[in-house]
C-alpha cells in the first residue's frame, strides 16, 4: 500500500467509534509509527477543566492498537494486553498530539511507546502499550 492509502485506511478505521466521538484525527501513519491529535474540549475534559487522563489513555491505546495491527502480518491480528500511563502535565485547551513508536516487534507480542504532547510540544503523558499477536481463525 502507498503511504496515502495507509493513511486513508487508518482514518476510515477511526470513523463511527470512540475515536470519532473524542475528536481524534490521524495525522501520520507508517509502519512502526503513527501520530494523531485530539482536542481538549467538552468531550475530553474532566470536571475540573483539565484534559481527562482517560482521554489521554484512549488516544494512546488507539494509536498502539492501530499500529500493532498494521504490523501484525498476514493472517494475524493484535489485541491489547496492557497499557500504562504517567500523566505529567495538565492541559486545559487546544490540542494534544500523540506519537506512537514501536519499541519491540516480536513473534507473539509488540510493545509501543506513546508520547502525548501539548501544542508547545511539552510532554503531558507517557504511555506504554503491549499487544498480543494472534492467528486469525
Residues that are in contact with a strand residue (DSSP E or B) (Cβ under 9 Å, 6 or more places away or on another chain), in a helix (DSSP H, G or I) and either over 18 Å from residue 99 (Cα atoms) or free of Cβ contacts under 8 Å to residues at least 40 places away in the same chain (or both), drawn from segment 9-54: 9, 11
With surrounded by 12 or more Cβ atoms within 10 Å (Cβ to Cβ) and either in a loop (DSSP other than H, G, I, E, B) or out of contact with any strand residue (DSSP E or B) (no Cβ under 6 Å at 6 or more places or on another chain) (or both) as the only criterion, which of 128, 89 stands out? 89
Among (1) in contact with a strand residue (DSSP E or B) (Cβ under 6 Å, 6 or more places away or on another chain); (2) over 20 Å from residue 20 (Cα atoms) - the single one residue 61 does not satisfy: (2)
Could you check segment 90-129 and list, in sequence order, the residues that are in contact (Cβ under 8 Å) with a residue 40 or more places away in the chain, under 22 Å from residue 75 (Cα atoms) and over 12 Å from the mean Cα position of the chain (by Cα)? 105, 110
Answer yes or no as to whether residue 72 is over 17 Å from residue 99 (Cβ atoms), under 15 Å from the mean Cα position of the chain (by Cα), at pLDDT 95 or above and crowded, with 19+ Cβ neighbours inside 10 Å. no
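The values are calculated or read from the model by the stated rules, or taken from the named source; none is laboratory data. This one's a predicted model, so the numbers in the text were calculated from it and none came from an experiment. With ideal geometry, Cβ positions are generated from the backbone for all residues, glycine too; neighbour counts draw on all protein chains shown.
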